Every structure is written in C-alpha cells, then in structure tokens.
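The values are calculated or read from the model by the stated rules, or taken from the named source; none is laboratory data. Only a predicted model underlies this, so the values are computations on that prediction, with no experimental measurement involved. Virtual Cβ from ideal backbone geometry, glycine too; neighbours counted across all protein chains shown. Note: accessible area is taken over every heavy atom of the protein model, side chains too, but ligands, DNA and RNA are not part of it. Shrake-Rupley method; radii C 1.70, N 1.55, O 1.52, S 1.80 Å.
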Amino acid sequence: MRDQLKQLEELQTHDAKIQELEQSLKAIPAKLAATELDLARVEALLVAEGASLKETERYYAEQKGLVTDDEVQVAGAKHKLTQAKNSKEYMAAQREIEQRRESLAGREGEIAKLVEAVDAKKKLLGDRSSDVQTLKDSIQKDSEVARTRMNELEGKIAALRSERDALAAGIKPEVLKRYGTIRMRRGLAVVSVRNGTCQGCNMNIPPQLYNVLQRGVSIEICPSCSRIIYWEDIMKDPTESGSGSGSGSGEPPAAG
C-alpha cells in the first residue's frame with residue numbers, strides 16, 4: 001500500500017504541473033488576442049480620422065468654390081457701380097459690393113481655419129499610421145515568440161502526460177477512480193496526516209483512524225475533507241523513520 005500511496009503522490013505532482021502548464025499555455029493566446037484587440041481599436045480610429053479628413057477636404061473645396069463665386073459677384077457689383085445712372089442705382093451697387101466683400105472675407109477666414117484643420121488632421125493621421133505599423137510589428141514579433149513558447153509548453157505537457165499515464169497504470173483502478181473524483185472536487189486529493197492532523201483541512205482525525213493509517217494496509221479518507229490521507233511517516237525510508245524522535249508512532253492529540 002505504501003507503493004500505491006507513493007504513486008498517488010507522484011501522480012498528483014504530475015497533475016499539478018500539467019495544470020499549471022496548461023494554464024500558462026491558455027494565457028498566451030488570450031494575451032495576444034488582447035493586443036490584437038488594441039490594434040483593431042487603433043485601426044478603427046485611423047479609418048474614422050481618415051474619413052474625417054476627407055470630409056474636411058471636401059468642405060474646403062466647397063468653400064474655395066464659393067469664394068470664386070463671391071469674387072465674381074463682387075466684380076459684377078463693381079461693374080454695376082460704374083454703370084449706375086442715378087444715386088439710387090449707385091447706392092444699391094455700393095451696398096451689394098460691401099455685402100459681397102463681407103461674405104468673401106468671412107469665407108476666406110473660414111478657409112484659413114480649414115487649412116489649419118486639414119494640416120492638423122494630416123499630421124494626426126500620419127502619427128496614427130505610424131502607431132499602427134509599430135503595433136503590427138510588435139504583434140508579429142510577439143506572435144513568433146508566443147508560438148515558440150507554446151510549442152515548448154505543449155512538448156512539456158505531452159512528456160508529463162506520458163509519465164502520468166505510466167504512473168496511473170501502476171495504480172489500482174478503484175483507487176485511481178477515487179483519486180480522480182476527489183481531485184475534481186477538492187483540487188488536492190492526497191495529503192499526509194501529521195501528529196494526528198490532516199494537512200489538507202487541518203482537522204484532527206479520530207484516534208482509531210490514526211491507528212489504521214499507521215498500519216498502512218488500506219487507502220483511507222479524511223472524515224472532514226474527504227481527501228485520501230496517509231500517515232506522514234509511512235512514506236519515509238526505514239532508516240529515516242528509525243532515526244526520528246518517535247513522535248510519529250505516538251497517539252494523536254486529543255480532539256478539542
């Protein structure tokens with residue numbers, strides 16, 4: 001039975017290592033996915049800013065066309081002024097010139113602002129494009145490193161699984177089944193009993209059960225946490241247990 005318990009402990013160690021490596025393996029694609037999500041957000045910003053730039057440029061072209069129209073209208077009003085036959089026509093032409101000039105001045109001011117806006121948007125777009133490319137390069141590099149790391153982890157997991165299968169083959173089927181059921185519920189399935197205390201739940205076990213554990217002839221379960229338990233000293237080599245203080249073979253502490 002001591003051999004079975006030793007194999008169970010080794011099996012548990014392998015299962016813990018496999019679980020840890022699998023978690024590390026699963027975290028790699030998740031981290032890459034988060035980075036790719038950041039890239040998608042930056043690219044979406046880039047597209048939106050590109051569309052905004054096009055709209056600003058379209059409005060700029062529209063205003064430039066209206067300036068040309070205003071200049072034609074001002075020239076027409078000036079012609080009317082020279083052709084005025086009386087003071088009424090002269091004053092009307094003069095007012096039209098002033099109105100057209102005001103409109104022209106306002107539009108030219110708007111165009112000046114648009115030129116600044118277009119330049120600013122182009123600069124921002126250039127910066128965003130550079131950020132996107134930098135992020136793409138970084139993702140590419142990270143993906144290569146991640147693939148290497150994943151291959152390494154997958155190799156380690158495969159090797160550990162092979163060792164685990166070999167260990168499991170040497171354990172009685174009913175014991176292995178019980179171990180698997182407990183591990184699914186509790187995580188840690190096999191624990192020692194030290195000085196009458198279960199190391200899984202830190203509860204004292206009944207003295208009668210402690211005596212059974214010391215004989216080491218059966219697989220026993222902790223009545224408090226339902227884990228497989230064994231007397232700590234039974235795992236020691238005979239030379240180790242013989243050189244100890246002898247406290248391992250004594251009675252467990254009385255339950256409080």
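Specify the residue that is most open to solvent (accessible area, probe 1.4 Å); the eligible residues are those in the range 40-85 that are among the hydroxyl-bearing types (S, T, Y) and more than 12 Å from L125 (Cβ to Cβ).
Step one: list which residues in the range 40-85 are among the hydroxyl-bearing types (S, T, Y), which gives 52, 56, 59-60, 68, 82.
Still in the list and also more than 12 Å from L125 (Cβ to Cβ): 59-60, 68, 82.
Values: Y59: 76, Y60: 71, T68: 73, T82: 101 Å².
Per the stated criteria, the residue is T82.
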### Message
So the check is Cβ under 8 Å with 6+ separation or different chains; which pairs have a first residue in the range 14-40 that's part of a helix (DSSP H, G or I) and a second one that's open to solvent by 70 Å² or more (accessible area, probe 1.4 Å)?
### Response
H14/E163; I18/R161; L21/K156; L25/E154; I28/R149; L39/K136
### Query
Got at least one residue in the range 227-236 being open to solvent by 60 Å² or more (accessible area, probe 1.4 Å) and closer than 17 Å to D3 by Cβ?
yes
### Task
Sort through L114, L153, L135 and tell me the only one that's farther than 30 Å from V42 by Cα, surrounded by 13 or more Cβ atoms within 10 Å (Cβ to Cβ) and either among the acidic types (D, E) or out of contact with any strand residue (DSSP E or B) (no Cβ under 7 Å at 6 or more places or on another chain) (or both).
L153
### Query
Tally time: how many residues in the range 200-220 are open to solvent by 50 Å² or more (accessible area, probe 1.4 Å) and without any contact (Cβ under 8 Å) to a residue 24 or more places away in the chain?
5
### Query
Right, Q133: of a type outside the set (D, E, K, R), part of a helix (DSSP H, G or I), within 23 Å of I28 (Cα to Cα) and without any contact (Cβ under 8 Å) to a residue 40 or more places away in the chain or not?
yes
